[in-house]
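K.L.:
Handing you this structure, nothing more for now.
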Amino acid sequence: MDITGLGIKIVEKLIENGLVKDVADIYTLKREDILEAVTKKDRKTEAAPPGKIADNLLTAIEISRRQPLDRLITALGIHGVGEISAADLSHHFPSLDLFAAASGDQLQMVDGVGPNIAEGIVDWFSHAHNQKILAKLKAAGVWPEGVKQASPLTGPLSGMTFVVTGMLAGFSRESVKKFIEQHGGKVTDAVSRNTSYLVMGEAPGSKFDKAKVLGVKIIDEEELRKFCGE
C-alpha cells in the first residue's frame, strides 16, 4: 500500500509482538503499538525520535486508506497478479466486491489474464482466511473503488501488446506503461502468443525465457522509443 516509513524492521517487530498478521491489521495499529516497535528495533541509524517516527507512520497509514483500488489488489498478494494486471483488473471490476465475485471466465476477459491467473484469483478469494482479511479491510474503511478506463488512445503502437521485463534506464515500471498507452499500445503482465513485443531492460526475469520459447519479438528501450518516433 506504499506506506512511507513502514520498513521491514518495524514490520518484523509488529509481527513479533503479535500486532500484525496480515495487511488489514496495519489499519488497527495504535500509536503505542508503533512506538513500542520503533523503540525495540535497532535505532543506530535513526535521526528522528521514536515519537516523531510513530506519528509520521500513523499519518502515512491514514493516507494509504485513500490509495486506489489497483494498489489494494496488488497488496493482497494474489499469485500472478502484478501492478499492471491489478490496474487492468481494477478498470474491469471497479469495486472489490465485483472483483471478488468474478468467475474464471469473467476474469479471462481482462487482457493479460489467462486461465492460470484466473484460477489463482478465484482460489484466493475462496479461502476463509482471505475472506477474513477482506472483512477486516472493509471494517477499517479500506475499500476503494476503481475508475472506469477511458477509451484507448490511438498512435503508432495501436493494436500492439507489450510486456516489460528488467530495469529500463529511462523509465520506471509505471512510466513505461503510461508511455506505451499514450502511443496507443497495451501493456500486460504475462507473456503469451498474443504479445507483440517484450521490452527488455537489465536483469530480465523469467518473462524473457518465455518470450524466447513463444517466439515473441524482443526489443530494448531505444527500439521502443523509435517505434514512437523519438
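K.L.:
Go through the range 114-136 residue by residue and tally those that are outside any helix (DSSP H, G or I) and without any contact (Cβ under 8 Å) to a residue 40 or more places away in the chain.
P.N.:
Here the count works out to 1.
K.L.:
Which is closer than 20 Å to residue 189 by Cα and polar (S, T, N, Q), of 74, 59, 28?
P.N.:
Matching residue, one of 74, 59, 28: 74.
K.L.:
Mind checking whether some residue in the range 89-97 is crowded, with 17+ Cβ neighbours inside 10 Å and more than 21 Å from residue 177 (Cβ to Cβ)?
P.N.:
yes
K.L.:
Here's something else I'd like to know. Hand me the list of helices (runs of 4 or more DSSP H) wholly inside the range 44-113 holding 3 or more residues that are within 15 Å of the chain's Cα centre (by Cα) and small (Gly, Ala, Ser).
P.N.:
So the answer is 83-92.
K.L.:
Anything in the range 180-195 that is modelled with pLDDT of 90 or more and either among the basic types (Lys, Arg) or under 20 Å from residue 80 (Cα atoms) (or both)? List them, or say none.
P.N.:
Selection gives 195 alone.
K.L.:
Please indicate, with yes or no, whether at least one residue in the range 171-188 is under 20 Å from residue 116 (Cα atoms) and either within 23 Å of the chain's Cα centre (by Cα) or among the charged types (D, E, K, R) (or both).
P.N.:
Scanning the range 171-188 turns up at least one residue that is under 20 Å from residue 116 (Cα atoms) and either within 23 Å of the chain's Cα centre (by Cα) or among the charged types (D, E, K, R) (or both).
K.L.:
Could you list all residues from the range 7-18 that are aliphatic (A, V, I, L, M) and either modelled with pLDDT under 85 or loosely packed, with under 13 Cβ neighbours inside 10 Å (or both)?
P.N.:
8
K.L.:
Moving on. If you scan the range 1-34, which residues turn out to be among the β-branched types (Val, Ile, Thr) and free of Cβ contacts under 8 Å to residues at least 60 places away in the same chain?
P.N.:
4, 8, 10, 11, 15, 20, 26, 34
Table: residues versus (1) surrounded by fewer than 17 Cβ atoms within 10 Å (Cβ to Cβ); (2) free of Cβ contacts under 8 Å to residues at least 24 places away in the same chain.
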position	(1), (2)
36	no, yes
68	yes, no
81	no, no
84	no, no
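The values are calculated or read from the model by the stated rules, or taken from the named source; none is laboratory data. As the structure is a computational prediction, the values presented were derived from the model and not from experiment. Because the Cβ atoms are built from the backbone with ideal geometry, glycine has one as well, and the counts that use them run over all protein chains shown.
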